[in-house]
Amino acid sequence: MKFDKPAGTNPIDRMAVVGRPTPRIDGPLKVSGKAPYAYEQQDVPGKPAYGYILGSAVAKGTISAIDTTRAERAPGVLSVVTHRNAGKLGKGRMNTAHLLAGPKVEHYHQAVAVVVAETFEQARAAASLINVDYARESGAFDLAAARAGAKDATGSDAPTSVGDFAGAFASAGVQLDQTYTTPDQSHAMMEPHATIAAWEGDSLTIWTSNQMINWGVKELAATLQMPPEKVRLISPYIGGGFGGKLFLRTDAVMAALSARAVKRPVKVALQRPLIPNNTTHRPATIQRIRIGCGSDGRITAIGHESWSGDLEGGGPEAATQQTKLLYAGANRMTALRLAVLDLPEGNAMRAPGEAPGLMALEVAMDEMAEKLGMDPVAFRVVNDTQVDPEDPSRPFSQRNLVRCLEEGARRFGWNRRKAPGQGREGRWLVGMGVAAAFRNNINGKSGARVRLDRAGGVTVETDMTDIGTGTYTIIAQTAAEMLGVPLAKVTVKLGDSAFPVSAGSGGQWGANSSTSGVYAACVKLRDMVVGKLGFGPGDAQFEGGQVRVGNRVADIADAAKGGELVAEDTMEYGDLAKTFQQSTFGAHFVEAAVDRYTGETRIRRMLAVCAAGRILNPISARSQVIGAMTMGVGGALMEELAVDKRFGFFVNHDLAGYEVPVHMDIPHQDVVFLDEADDKVSPMKAKGVGELGLCGVGAAVANAVYNATGIRVREYPLTLDKYLDRLGEVA
Amino acid sequence: MTEGYGAISRRDVLKTGAAGAAIAGSIGPGQAALAQPDPAAPPRAAVGLKVNGQAVRLDLDTRTTLLDALREHVKLTGTKKGCDHGQCGACTVIVNGRRINSCLTLAVMHEGDEVTTIEGLGTPESLHPMQAAFVEHDGYQCGYCTPGQICSAVAVLEEIRAGIPSHVTADVSKPAPMTTVEMRERMSGNICRCGAYSNIAEAMADVAGVKA
C-alpha cells in the first residue's frame with residue numbers, strides 16, 4: 001500500500017481500541033521475569049559455551065604481538081579468537097570502526113579477542129591471561145583542540161544559508177553571540193549488548209538485542225562475508241537501546257566467530273565496563289549561536305554552528321538540525337563542522353542532533369528573551385512559523401508549538417516565575433525554566449503479516465522491535481481496531497528476521513511506521529475476509545468480532561473456516577513529506593531548586609506538553625515522554641563521558657562512574673498530549689514522541705537553574721563546580 | 001544461617017538442580033585438543049540454596065556469583081545482569097528477607113539461605129500485588145531493570161514497616177514514615193534508564209496504601 005495523499009476517514013478513526021489507555025500486553029511477562037532477553041534464550045540447539053571479550057588497552061596503534069597460549073591452556077577454555085584466526089572479515093556499511101581489532105587498533109576497548117570456555121568464570125579468568133603488545137600511536141582526542149581543523153560536513157549535513165545572515169545580524173538592534181558545549185554521552189541501556197550464536201551448516205542464527213532486525217542481518221552478513229539469506233536474527237525483547245543497538249556490534253560478531261570456532265552455540269554479553277568505549281556514544285559538541293532581533297522581539301537573523309568529532313569516515317552530530325525549522329527569521333545560516341578524533345565511534349543516541357542542539361539553542365533563546373526584556377514563552381510565541389523558514393512554500397503538516405507553550409505555561413503556573421536569583425525558600429534558590437521541544441517526524445517503509453485463524457484469533461508478525469516503547473501493545477491495538485476483534489484475540493510476534501521487514505525502532509519513527517504497516521496488511525486481510533464470506537462490494541464494518549456489509553452479517557471467524565487466512569503488505573510513502581514539513585512539537589517546563597550553600601540542584605516539578613499527532617496508547621506514550629524527561633535531567637545535570645585526552649578513552653566507563661538519574665533525582669512528572677490527528681503523515685495520523693520527550697529538557701533544566709541562581713552556565717552538565725564559587729557569601 | 005541439606009530430597013535436586021549438576025565436572029569437546037589443563041584448576045564446591053521455596057543443590061566453580069548461579073545454573077533468568085559490579089541493581093533478589101545485589105555475592109556464601117527471585121513473587125497468571133501495580137502504573141518500559149525494581153520495591157516496603165531508617169529519615173529515633181520520599185531514597189540503587197521512576201513511585205505508593 002502506498003500512502004501518497006492525505007488520509008481520509010478510515011477504521012482507525014473510530015478509536016475504539018487505538019488511542020485508549022492500554023496496559024502493555026507484554027507486561028505480565030516482563031514483571032514476572034518471563035520475558036526472555038537475548039542472553040537468556042533457552043531455545044538454542046545445544047548447550048552454549050561462554051565468550052568473554054578482551055578490549056584494546058590503547059586507543060590507536062597496532063597489535064605487534066598477541067600471545068594466547070596461557071589462555072588456551074586455562075581450564076575449560078575451548079578457543080581464543082583473535083584477528084589471527086578469525087578469517088577475513090568485512091565491515092558493515094553503518095559501522096565506522098571494525099568490530100574486531102587487528103592488526104590495527106581504531107579505538108580504546110575495541111575487541112581484540114574473545115575467549116570461549118565451558119563457563120563464564122573460566123572464560124573471564126582466561127581472558128586475563130592473554131598478553132597483547134601494542135605499538136601505540138598518538139591520536140587526536142580533544143575536540144576543542146581539533147576545532148580549528150574541522151571541516152564542513154557534506155551531503156544532507158552541508159551548511160545552509162538563506163538571505164543575508166551576516167548583514168542582518170550585524171545590523172540587528174539586539175544581538176546574542178554565545179558558545180555552548182555538550183559532552184560525550186553514553187546510552188547506558190540496562191541490558192548489555194548480548195548475543196547467542198548458533199551455526200547449522202552454513203546457516204547462522206543469532207539471538208541478540210538489536211533495534212533494527214533487517215539492518216542487523218545485512219550488516220552481519222557483510223561482516224562475515226556470507227549471504228544475508230543464511231542469517232536469521234531474533235530479538236523479541238530488548239533491554240533498552242536508545243540508539244546504542246541500532247547497529248551491529250561486536251557481541252554478535254564475536255559470538256558468531258566463536259560458535260564457528262568451537263562448533264557449538266556460544267553466548268557473549270559485552271561486559272559493562274567495555275560498553276562506553278567499545279560501542280557508540282553521542283559525540284560532544286561545541287556550538288556557537290548568534291541571534292539578531294528587532295526591539296519587537298522578532299528574529300531577523302539566526303545562525304547556528306556546531307563542531308563535533310568522530311573517527312575517520314564517521315559523521316557529525318547534527319546539532320543544528322532544529323534551527324533550520326524551529327523559529328522564523330528571514331536571514332539564517334547553519335553549519336556542521338566535523339573534526340577527526342580517535343575517540344570511540346560517535347553515532348546516534350536518542351534524538352541525535354536535536355537533543356544536544358536544543359540544549360544550546362533553547363538556552364540561547366532564554367538569554368535573548370532576557371536581553372529583550374521579554375518573557376521566554378512570549379518570545380518563542382512571537383517567533384513561531386507555520387512554514388519551513390528555509391522554504392516558505394512548504395507548510396508544516398500540523399504545528400501547534402504555540403498551544404504547547406501557552407497551555408504549559410498556564411498549567412505550570414508560569415506567571416509565578418520570579419526574576420533570576422529572586423526565588424527563595426529557606427536555603428533553596430528556586431527557579432522555573434522553559435524550552436521548546438522539536439523533532440522531525442520520519443516515516444519508514446514497514447511490512448507486516450496478519451493471520452486470521454478458525455477461532456477468530458489474529459496473529460501479527462513483523463520484524464519490528466519493542467525496545468520498551470510499547471510496540472507489542474500498539475500493534476495489537478491497531479490489528480484489533482482494523483479487524484473489529486477484542487485486544488485479547490490478538491497475538492503479536494516481533495523481532496524475527498523470518499517476519500516481514502519493518503521500519504524498526506529508531507528516530508521516533510517506529511510507532512507510526514510499524515502500525516501503518518500493520519494497517520496495510522489488515523486492509524488486505526479485510527478484503528480477503530469479505531471475499532471469503534461471499535459478501536458483495538460495499539463498505540464493510542468490522543466490529544464486535546463480526547463483519548457487516550449492508551444487511552449481511554457474519555462472525556469474522558467464519559471467514560477462516562476453510563483454513564487460516566494470511567495477508568501481508570508493506571506501507572510505503574509518496575511525496576507528502578516533501579510537500580509538507582512533518583514535525584513534532586512540545587514545551588518543557590521545569591522547576592529547580594539549588595542549595596545556596598552547597599550548590600546541589602534538585603528538580604522539583606516537570607511538565608511536558610506535546611503535540612505529536614494521534615497518540616496511539618496514552619499509557620506507553622506518556623512513559624516514553626517521562627523517560628525522556630528523565631534522560632534530559634541526566635544530560636543537564638550529570639551525564640558526561642570524561643575524556644582522557646592523553647590516552648584517548650572515556651574514563652568513567654561503567655554505571656558507577658557514568659552517572660544517570662536515579663529514583664531520588666526525579667520528581668513526579670506531568671505530561672499532556674494535545675488532541676491531534678495528522679492526516680498528512682499516515683493512515684494512523686500519528687507521529688513519534690519517544691525523542692520529542694527528550695528534546696529541550698536539558699535546556700529547560702538549565703534555564704530553571706539560571707532562574708534560580710542568576711548564574712548562567714553554558715557548559716553541560718551543570719555540575720556544581722561550575723557555579724559554586726558564584727553563589728555568593730554564605731551568611 | 002546454615003541449615004545443611006536435611007530438607008533437600010533427591011527429587012528436588014533432580015527437579016531443580018539438573019542444569020547445575022550437568023555442568024559439574026563436564027569437559028568440553030575442544031579441551032582435549034588443547035594443551036594440558038593448568039594444574040591450578042579452580043576449586044569447586046557444593047552449595048544448597050532454597051530458591052523460591054524449592055531446595056536446590058548445585059556443584060559450582062567457587063567463583064560463581066549468586067546471580068550467575070540463578071541465571072546460568074538454576075535457569076531462573078528473571079534476575080538480570082545489568083552491570084555485574086553492583087552499580088545498577090538489576091540483579092536484586094531477596095535473601096533471608098533482605099534485598100541484595102546478587103552479582104556482588106558468591107553463591108557458595110549462601111549455604112542454606114532462602115532466596116526469593118522475581119519468579120518466586122508471582123507468575124503472569126498470578127501476579128504479586130507489586131508486579132500487578134507495575135503493570136497498572138506502567139512502572140517500566142524495556143523491562144530489563146524491572147525484576148530488580150520489583151524485588152527491591154517489595155523489600156523496601158518491608159524495611160520501612162520494620163522501622164529501618166534511611167538517609168532521608170528526619171528522626172531516626174522514631175519509625176521511618178511510609179512516604180514516597182523514603183521509597184525513592186531507598187530505591188535509588190535500582191537504575192531505570194528508561195526513566196520510569198515517576199510511575200514506579202506511584203506503583204509503590206499504591207501497594208503501600210499511601211498517596212504518591
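For the reader, a short list of remarks on this structure follows.
- Structure note, pairs A:Lys34/A:Lys230; A:Lys445/A:Lys489; A:Lys2/A:Lys524; A:Lys2/A:Lys218; A:Lys218/A:Lys687: Cα-Cα distances above 19 angstrom occur for A:Lys34/A:Lys230; A:Lys445/A:Lys489; A:Lys2/A:Lys218; A:Lys218/A:Lys687.
- Residues A:Ser203, A:Ser513 arranged by fewest to most Cβ contacts within 10 Å: A:Ser203, A:Ser513
- Efficiency of FRET from Cβ geometry, A:Thr491 and A:Lys578, R₀ 30 Å, rounded to 0.05: 0.20
- Zone of A:Asp595's modelled label, taken as backbone nitrogen in region A:700-731 under 14 Å from a point 7 Å along Cα→Cβ: A:720-721, A:724
- Ranked packing of A:703-713, A:188-198, most packed first, by mean Cβ within 10 Å: A:188-198, A:703-713
- As a calculated quantity, the FRET efficiency between A:Asp4 and A:Arg93 at R0 = 30 Å, using C-beta atoms, amounts to about 0.60.
- Alpha-carbon centroid distance for the pair region A:621-650 / region A:666-687, whole angstrom: 25 Å
- Spacing of the two label points (7 Å from each Cα toward its C-beta) at A:Arg147 and A:Glu200, in nm: 5.7 nm
- Summary of packing: across the peptides A:593-603, B:64-74, the per-residue average of other C-beta atoms within 10 Å ranks them, highest first, as B:64-74, A:593-603.
- For A:Lys324, a cut-off of 19 angstrom between C-alpha atoms picks up these lysines, skipping any fewer than 8 places away in its own chain: A:Lys578.
- For the pair A:Thr179 and A:His668 in one chain, pulling the backbone fully straight at 0.36 nm per residue adds 172.8 nm over the alpha carbon distance.
- Under 19 Å from the A:Val387 label point (7 Å along Cα→beta-carbon), backbone N, region A:150-178: A:161-165
- Of all aspartates and glutamates in the structure, the ones whose alpha carbon falls short of 14 Å from that of B:Lys50, not counting any fewer than 8 places away in one chain, are B:Glu3, B:Asp12, B:Glu111, B:Asp113, B:Glu114, B:Glu119.
- Environment charge of A:Thr62, counting only residues whose C-beta is closer than 12 Å and scoring Lys/Arg +1, Asp/Glu -1: 0
- Average Cα contact separation per residue, region A:159-262, under 8 Å, 6 or more apart, as relative contact order %: 31 percent
- Listed by chain and number, the aspartates and glutamates placed with their C-alpha closer than 14 angstrom to that of B:Lys211 are B:Glu182, B:Glu202; residues fewer than eight positions away on the same chain are left out.
- Cβ-based exposure ranking for A:Met1, A:Met631, A:Met359, in which fewest neighbours within 10 Å come first: A:Met1, A:Met631, A:Met359
- Averaged over the residues of A:120-127, the number of partner chain Cβ atoms lying within 10 Å of the residue Cβ comes to 4.
- Under 12 Å, Cβ to Cβ, from A:Ser32 - net charge with Lys/Arg +1 and Asp/Glu -1: -1
- Shielding by other protein chains, A:69-80, mean Cβ within 10 Å: 5
- Over the protein assembly as shown, DSSP H runs of length four or greater, each weighted -39,500 (n - 2.57), average out per residue to a 222 nm ellipticity of -7000 deg cm²/dmol.
- For A:Thr598, net neighbour charge (Lys/Arg +1, Asp/Glu -1) across residues whose Cβ lies under 13 Å away: -1
- Relative contact order, percent, chain A [alpha-carbon distance under 8 Å, six or more residues apart]: 17 percent
- Among the trypsin sites (Lys or Arg not before Pro) found in region A:544-584, those both in a DSSP coil and sparsely packed, with 13 or fewer other Cβ atoms within 10 Å of their Cβ, are A:Lys561.
- Of the trypsin sites (Lys or Arg not before Pro) in region A:642-707, those whose Cβ has at most 11 other Cβ within 10 Å and which sit in DSSP loop: A:Arg646
- What separates the Cα centres of region A:356-391 and region A:141-160 is a distance of 25 Å.
- P(r) histogram, all alpha-carbon pairs of region B:129-208 included - 10 Å bins from 0, percent: 20, 53, 23, 4
- Applying the criteria of a DSSP loop state and at most 16 other Cβ atoms within 10 Å to the GluC sites (Glu not before Pro) of region A:126-220 yields A:Glu137.
- Each of the peptides A:158-165, A:405-412, B:78-85 was scored by the mean count of other Cβ atoms within 10 Å over its residues; in descending order, highest first, they stand as B:78-85, A:405-412, A:158-165.
- Amide N of region B:179-212 lying under 19 Å from the label point, which is placed 7 angstrom from the Cα of B:Asp171 along Cα→Cβ: B:179-183
- A straight line joining the Cα centroids of region A:283-351 and region B:138-190 runs 42 Å.
- Ranked from largest, the principal axis spans of the Cα set of the protein assembly as shown equal 83, 81, 66 Å.
- The label-point distance for A:Ala330 and A:Ala642, in a model that sets each label 7 Å from Cα toward Cβ, rounds to 5.1 nm.
- Residue (of B:Val181, B:Ala203, B:His137) at the positive-pole extreme of region B:129-208, dipole from beta-carbon charges: B:Val181
- Distance (nanometres) between label positions extended 7 Å along Cα→Cβ at A:Glu425 and A:Leu724: 2.4 nm
- When A:Arg614, B:Arg63 are arranged by Cβ crowding within 10 Å, least crowded first, meaning fewest neighbours, the order is B:Arg63, A:Arg614.
Quick note: the coordinates plus some simple rules give every number you see, no bench work behind them. Since the model is a prediction, treat every value here as computed from it, not as a measurement. In this analysis, Cβ positions are derived from the backbone assuming ideal geometry, glycine residues included, and neighbour counts consider all displayed protein chains.
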